[in-house]
Amino acid sequence: MNNDQLIQFLELIKTDVINSMQANGKNATGQTASQFIITENGGNAQLQLHGYMQLLETGRGPTSPNAMTGNPPMIQRIQEWCTAKGIPDKAAWAIKKSIDKKGFKGIAGLLTEPLGDDNINFRLNQVMDGIAGEISEQLLKLIG
């Protein structure tokens, strides 16, 4: 598999993660999905997702005392979410306090389905079918 084909595969997986977020109501502003990037370094390529993406699936516990401020701060992210959802800005503080006190429940399968073996194999097979077709065409040209 060359780099172009690897990137094609990673683009399919990236789209699957974004579709999963949209289907589960976790793509209010589109900002998180827009920050998914595919990086290349020589013969290697990888899809990079934010670490907090795991929290969307597993949930988050209450905020611990002396917790470090996120970047951007949680209140800013909540305010952006409120704006995208049409929720009054003043509700952001109440939402933050609720998360601080109770945490929030995640959505099972949000990441594990698009990143699971079944979907990875399905997407790899699509790319490999394309590679097999290219090889067949080249062989036919050599023979013909």
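The values are calculated or read from the model by the stated rules, or taken from the named source; none is laboratory data. This structure is a prediction, so every number in the text was calculated from the model and none was measured. Every residue, glycine among them, receives a Cβ derived from its backbone with ideal geometry; neighbour counts consider all protein chains shown. Quick note on the areas: whole protein, heavy atoms, side chains included, nothing else; ligands and nucleic acids left out. Shrake-Rupley method; radii C 1.70, N 1.55, O 1.52, S 1.80 Å.
Of Met53, Met68, Met128, the order by accessible heavy-atom surface (1.4 Å probe, DNA, RNA and ligands excluded), from most exposed downward, is Met68, Met128, Met53. Angle of helix 117-143 to the longest C-alpha principal axis of the chain, folded into 0 to 90 degrees and rounded to 10: 20°. Once the Cα-Cα distance is subtracted from the 0.36 nm per residue extended length, the Lys85 to Asp4 segment shows a gain of 25.4 nm. Against the chain, whose longest principal axis comes from its Cα atoms, helix 74-85 is set at around 70 degrees. In the chain, the longest principal axis of the Cα atoms and the axis of helix 91-102 are about 90 degrees apart. Note on the range 80-144: percent of Cα-Cα distances in each 10 Å bin, starting at 0 and stopping at the bin with the largest distance, equals 16, 20, 18, 16, 13, 10, 6, 1.
Taking the chain as a Gaussian network of alpha-carbon nodes connected by springs under 10 Å, the highest mean-square fluctuation of the residues Lys90, Lys105, Lys26 belongs to Lys90.
With both labels modelled 7 Å from their Cα along Cα-to-Cβ, the Ala94 to Asn44 distance reads 4.8 nm. Simple point charges give the picture: +1 on the Cβ of Lys and Arg, -1 on the Cβ of Asp and Glu, and for the chain a dipole about the Cα centre of about 1100 debye. When Cα Rg over 2.2 N^0.38 Å is computed from the coordinates, the matching label among (1) 1.11; (2) 1.40; (3) 1.16 is (2).
Go through Lys26/Lys96; Lys26/Lys105; Lys14/Lys101; Lys14/Lys97 and tell me which ones have a Cα-Cα distance over 22 Å in this structure.
On the way: Lys26/Lys96 17 Å; Lys26/Lys105 13 Å; Lys14/Lys101 33 Å; Lys14/Lys97 32 Å.
Cα-Cα > 22 Å for Lys14/Lys101; Lys14/Lys97; rest within.
Relative to one another, the C-alpha centroids of the range 5-24 and the range 105-144 are positioned 12 Å apart.
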